[in-house]
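S.K.: Quick one: the structure is below, and I'll ask about it shortly.
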Amino acid sequence: MVDQFTVQSKKCHQKDTEGCWIRFDLDQLFGEDHYKANILKQRDCRSPPQCHSYHRGSIASVCSHWHPDADAHQATHLHEDIKEFRKFENEKKKSKWAEADNPLFQTATTTVSNPTFTGE
């Protein structure tokens, strides 16, 4: 364990079981599986963020932008839409549709048969 790093090498960090960050550097020595680790004594333990304050701020910003006039405006337009729909329904009941055949929906005047088709 060291108080500070002496050699400028790549610094690593890892989270421990308590959620604190441990900083260290790792040097490979001569040979296989020979390493030297310098671990800082001081751990970086940060407190978790205060989520409640974020939630309160979000709710407050939404509430501050809300206007009571919006409900009145929406209710007025809803009432107008209902009146318009009722008017349309009444006009639809009063109208008489032409009974003439639509030429687009008449049955075909010619039929084509496949001479090679035997029905099997």
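S.K.: Dividing the convex hull volume of the Cα atoms of the stretch 71-118 by its residue count, what figure in Å³ per residue is obtained?
M.R.: 177 Å³
S.K.: Straight-line reach from residue 36: which lysines fall under 30 Å, measuring Cα to Cα and dropping same-chain residues less than 8 apart?
M.R.: 10, 11, 15
Only the coordinates and a few stated rules stand behind these numbers; no lab work does. Small disclaimer: the values here were computed from a predicted structure and weren't measured.
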